Amino acid sequence: MCSDSYVTDVPYTSAFAPALAPTELTVSCALAGVLPPRVERPFRYLDLGCGHATSLTVFAAAMPYAEFWGVDFMPEHIAAAEAVRKQAGLQNLHLVCADLRTLAADALPEMDFVVLHGLYSWVSESVRAAALGLAAQSLREGGLVYVSYNAWPGWCALAPLRDMMLTFTKGMPGTTLERAQKAVEYLHFMRKFGAAYFEMSPAAAELVDQLVTRDLHYVVHEYFNPHWAFFRFAEVKAHGESFGLHYVGSSPAYLNRDDLVLSVPMQALVERWRGEAPRELLVDAATHETFRQDLFVKGTPVTVEPCEWLGQGHIGTHLVRPRLGAPVRLRSRELTWSTPLYEALFEHVSRRSLDPSEWDEALGSLASTSEQEAALTRALLGGQVTRFVGATNAAAQLEAKPTGRFRLALWLNCWFLETQLWTRPAVLVVAQPLGTAFVLPFRVALVLAG
Ligand SMILES: C[S@@+](CC[C@H](N)C(=O)[O-])C[C@H]1O[C@@H](n2cnc3c(N)ncnc32)[C@H](O)[C@@H]1O
């Protein structure tokens, strides 16, 4: 069953999307050379089509000084999110049950960030336009918009899968969940019994293997929406521009760096298309992109020198050895950290976060200022360090129990531990210094669960 634009008889899954963290968005924006909104002081953030608002709930707990707003038109999504919000005592989270096509922008306060995650490719043209219109109207000048969507060319080879799922199950009685189950079975059957399509398109074969293991609620919302579509970057960029939203870069931040996503000959080729559609087309082809996460700024983007921006905040990490300093794969490139400079950096940040005034003391004997900045940027792009927003003491997340053991301080963290330890692949922990959550190593989760 569908509203005229969206499948509504089955609720979506609830999942945390780390890419939506305000801190992540600002890093991608600043490293692309555009000044982002500030996140270490009060700001407002809006999620359009927020589903169960899991990410919003995490951010509201992690950044109690900021305001978070979520809008979704499925009452069961908002009701579930509201129940968690109440129990977590999050006064800074506001959930609105409304259709984006009829919601007036003046029902919302002025925003610094607006995100459309899992919305653009899955709704009708009128909802896409309404969402970008709301984003543009509610944002302040210089505010940041994030839009994720299924992308060209990755989906060109995969789109027939969705066609087959809908065609095989058309007119079948039952719920969309039951149709999704049947559709996955049909695809699996074809793959197993040698349909040549899967031999010619290994990515499609891989996707079917994944689909068999996916939650069917996800399958329904990903594939059964009537207006499902994938887009070229240039189309989404032009759509944003028609609302006064200007493309500034993509997330994750390393995608904006030619040296990290393109071979040397391709880097020379894109030189003449810096920041323009052909560069993105080439990157999407080079990485065989299926899912883009683009950032737009309202009004004229203000440029910033990335290193200058980096030098305005604390740098820290939530990683512990051996993960801190382990090689990191970014698409086709592997980043390694085996120089004394990275050793020294990781040694320092594994103890506590570094204030910019301390960089030189910590690293000055090993490298010049520009080498330190380059190393910090690379460590940030490779996810080894991050910009902290708050208290630098990770122990603030723990409370001593009378038994001498520790427990997690925030209600939300205790709830994650209780509900995710045995039912989810990972347990999340909200960390206020990071302004977001990270995955707790399983052994640590077990100890904390006591
Ligand atoms: C694929 S889900 C993504 C949910 C969430 N952003 C996430 O990533 O987990 C898309 C969401 O958009 C909501 N949605 C679709 N059309 C809408 C509309 N016209 N107005 C408000 N919400 C809408 C759906 O109810 C659904 O929760």
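The values are calculated or read from the model by the stated rules, or taken from the named source; none is laboratory data. Note that this is a predicted model, so its numbers are computed, not measured. Because the Cβ atoms are built from the backbone with ideal geometry, glycine has one as well, and the counts that use them run over all protein chains shown. When the accessible area is computed, the model is the full protein with side chains, heavy atoms only, and any ligands, DNA or RNA have been set aside. Shrake-Rupley method; radii C 1.70, N 1.55, O 1.52, S 1.80 Å.
Cβ separations smaller than 9 Å between residues 6+ apart or across chains give the following pairs from segment 153-182 residues that are within 16 Å of Phe198 (Cβ to Cβ) to residues that are β-branched (Val, Ile, Thr) and open to solvent by less than 20 Å² (accessible area, probe 1.4 Å): Leu161/Val208; Met165/Val184; Met165/Val219.
Here His318 passes the criteria (1) under 30 Å from Met266 (Cβ atoms); (2) touching a Leu at 6+ places or on another chain (Cβ under 9 Å); (3) buried (at least 19 other Cβ atoms within 10 Å of the Cβ) except the one numbered (1). A count restricted to segment 261-280 and to residues that are part of a helix (DSSP H, G or I) and either touching a strand residue (DSSP E or B) at 6+ places or on another chain (Cβ under 6 Å) or open to solvent by 90 Å² or more (accessible area, probe 1.4 Å) (or both) stands at 4.
Candidates Ser28, Ser14, Ser5: the one that is of a type in the set (Gly, Ala, Ser) and under 23 Å from Gly143 (Cβ atoms) is Ser28. Looking only at residues of segment 79-103 that are within 13 Å of the ligand (Cβ to nearest atom) and either free of Cβ contacts under 8 Å to residues at least 24 places away in the same chain or of a type in the set (D, E, K, R) (or both), we find that the one that is least open to solvent (accessible area, probe 1.4 Å) is Asp99.
Taken over segment 142-175, the residue count meeting the criterion of being more than 16 Å from the ligand (Cβ to nearest atom), open to solvent by 10 Å² or more (accessible area, probe 1.4 Å) and within 30 Å of Pro22 (Cβ to Cβ) is 2. Taking only segment 87-145 into account, find how many residues are over 19 Å from Cys29 (Cα atoms) and part of a strand (DSSP E or B). Of the residues in that region, 5 qualify.
Looking across segment 15-68 at every residue that is in a loop (DSSP other than H, G, I, E, B) and within 13 Å of the ligand (Cβ to nearest atom), the one that is modelled with the lowest pLDDT is identified as Ala15.
Within segment 417-437, track down each residue that is surrounded by 20 or more Cβ atoms within 10 Å (Cβ to Cβ) and within 19 Å of the chain's Cα centre (by Cα).
Filtering segment 417-437 for residues surrounded by 20 or more Cβ atoms within 10 Å (Cβ to Cβ) gives 417, 427-437.
Selection gives Val427, Leu428, Val429, Val430, Ala431, Gln432, Pro433, Leu434, Gly435, Thr436, Ala437.
Among the residues making up segment 201-257, those that are in contact (Cβ under 8 Å) with a residue 60 or more places away in the chain, touching an Asp or Glu at 6+ places or on another chain (Cβ under 9 Å) and away from the ligand (no atom under 16 Å from the Cβ) are Arg232, Phe233, Val236, Gly240, Val248, Gly249, Ser250, Pro252, Ala253.
Counting only residues that are within 13 Å of Leu161 (Cα to Cα) and open to solvent by 70 Å² or more (accessible area, probe 1.4 Å), how many does segment 176-187 have? Write out each step before concluding.
If we filter segment 176-187 for residues that are within 13 Å of Leu161 (Cα to Cα), which is where we start, we get 180, 183-187.
Filter again for open to solvent by 70 Å² or more (accessible area, probe 1.4 Å), leaving 185-186.
Residues flagged as within 13 Å of Leu161 (Cα to Cα) and open to solvent by 70 Å² or more (accessible area, probe 1.4 Å) within segment 176-187 amount to 2.
Screening Ala60 on (1) within 17 Å of Asp294 (Cβ to Cβ); (2) in contact with a Phe, Trp or Tyr (Cβ under 9 Å, 6 or more places away or on another chain) shows it passes everything except condition (1).
Checked against (1) in contact with a Phe, Trp or Tyr (Cβ under 7 Å, 6 or more places away or on another chain); (2) open to solvent by less than 70 Å² (accessible area, probe 1.4 Å), Leu211 passes all but condition (1). For segment 104-120, which positions are of a type in the set (Gly, Ala, Ser), more than 9 Å from the ligand (Cβ to nearest atom) and touching a residue at least 12 places away in the same chain (Cβ under 8 Å)? Passing the criteria: only Ala105.
Taking residues in segment 319-343 that are assigned by TED's automatic domain parsing to the domain that holds Leu381, and partners anywhere that are surrounded by fewer than 11 Cβ atoms within 10 Å (Cβ to Cβ) and part of a loop (DSSP other than H, G, I, E, B), the pairs with Cβ atoms closer than 8 Å and at least 6 places apart or on different chains are Glu334/Pro327; Leu335/Pro327; Thr336/Pro327; Trp337/Pro327. The condition of being of a type in the set (Asp, Glu) and outside any helix (DSSP H, G or I) holds for only one of Glu347, Glu289, Glu371, that being Glu289.
Listed residues Asp258, Asp294; which is under 24 Å from the mean Cα position of the chain (by Cα), under 25 Å from Ala17 (Cβ atoms), among the acidic types (Asp, Glu) and buried (at least 19 other Cβ atoms within 10 Å of the Cβ)? Being under 24 Å from the mean Cα position of the chain (by Cα), under 25 Å from Ala17 (Cβ atoms), among the acidic types (Asp, Glu) and buried (at least 19 other Cβ atoms within 10 Å of the Cβ) holds for just one of Asp258, Asp294, which is Asp294.
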